[in-house]
Amino acid sequence: MPLALQSRLIPFSLKGTDGRTLRPEDFAEAKVFGVIFTCNHCPYARAWEDRLIRVQRDYANRGVRFILINSNDPVKVPDDSFDQMKVRAQAKAYPFPYVFDDTQEVAKAYGATRTPEIFLFDESRTLRYHGAPDDNYEDPAAVRHQYLRDALDALLAGSTPPTPETKAVGCTIKWK
């Protein structure tokens with residue numbers, strides 16, 4: 001089961017592609033903090049990747065920060081190795097940290113099962129949105145519901161996201 005809405009953020013400490021070890025408290029200034037489970041190889045994650053980059057860039061000046069977590073077993077999926085994560089983050093000029101959950105403990109604690117899967121926390125680090133970025137991974141022009149943007153706008157305005165939970169759509173996390 002995924003972390004329930006209104007739950008508190010679960011702390012973690014993970015190594016990023018930039019060599020730093022990151023923790024949620026490193027983003028204490030963020031008004032909204034997104035923990036996003038993703039990976040390199042999944043076609044769903046890749047389809048939403050540029051949109052997540054755009055959302056982070058669009059909302060950065062408003063106090064929104066995302067961290068991307070890869071929890072996949074790199075033995076099963078070599079494209080998701082830490083070295084390949086570094087290549088991907090640099091090639092796509094990620095505006096957010098990309099960290100490796102090599103023990104898979106963080107994904108298990110959050111109950112994450114898909115890539116991508118978003119856990120969005122408000123300023124008090126209470127879970128206020130969980131699910132997919134929007135309603136159409138295949139065609140950005142066909143998106144009718146921008147769940148992540150709607151949730152961000154609501155939280156930044158001090159209100160409840162209009163759709164607090166959606167089904168996370170994507171590849172399953174590749175467990176050890």
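The values are calculated or read from the model by the stated rules, or taken from the named source; none is laboratory data. Everything numeric here is computed off the predicted structure, so don't read it as measured data. Note that we place each Cβ from the backbone using ideal geometry, even for glycine, and neighbour counts take in every protein chain shown.
If Arg65 satisfies all but one of (1) farther than 19 Å from Thr113 by Cβ; (2) in a helix (DSSP H, G or I), what's the number of the condition it fails? Status for Arg65: all satisfied but (2). Count of the range 102-140 residues, restricted to those that are crowded, with 20+ Cβ neighbours inside 10 Å, more than 18 Å from Met1 (Cβ to Cβ) and acidic (Asp, Glu), is 2. Among all positions in the range 93-101, there is at least one residue which is under 22 Å from Ser7 (Cβ atoms) and charged (D, E, K, R). Report, by residue number, each residue of the range 3-40 that is in contact with a Phe, Trp or Tyr (Cβ under 7 Å, 6 or more places away or on another chain), part of a loop (DSSP other than H, G, I, E, B) and closer than 21 Å to Asp150 by Cα. Leu3, Leu9 - these are the residues of the range 3-40 that are in contact with a Phe, Trp or Tyr (Cβ under 7 Å, 6 or more places away or on another chain), part of a loop (DSSP other than H, G, I, E, B) and closer than 21 Å to Asp150 by Cα. Considering only residues in the range 113-131 that are in contact (Cβ under 8 Å) with a residue 60 or more places away in the chain and part of a loop (DSSP other than H, G, I, E, B), the one that is nearest to the chain's Cα centre (by Cα) turns out to be Pro116.
Scanning the range 87-101 for residues that are of a type in the set (A, V, I, L, M) and either surrounded by fewer than 17 Cβ atoms within 10 Å (Cβ to Cβ) or under 18 Å from Tyr44 (Cβ atoms) (or both) yields Val87, Ala91, Ala93. Looking across the range 41-51, the residues that are crowded, with 23+ Cβ neighbours inside 10 Å and either part of a helix (DSSP H, G or I) or in contact with a helix residue (DSSP H, G or I) (Cβ under 8 Å, 6 or more places away or on another chain) (or both) come down to Ala45, Trp48. Kindly list, by first and then second residue, each pair from a residue in the range 49-71 that is small (Gly, Ala, Ser) to a residue that is at pLDDT 95 or above and in a helix (DSSP H, G or I), limited to pairs with Cβ atoms under 7 Å and residues at least 6 apart or on different chains. Listed pairs, sorted by first residue: Ser71/Val106; Ser71/Ala107.
Pairing each residue of the range 96-112 that is in a helix (DSSP H, G or I) with any residue that is acidic (Asp, Glu), provided the two are 6+ apart or on different chains, yields C-beta distances under 6 Å for Ala107/Asp101.
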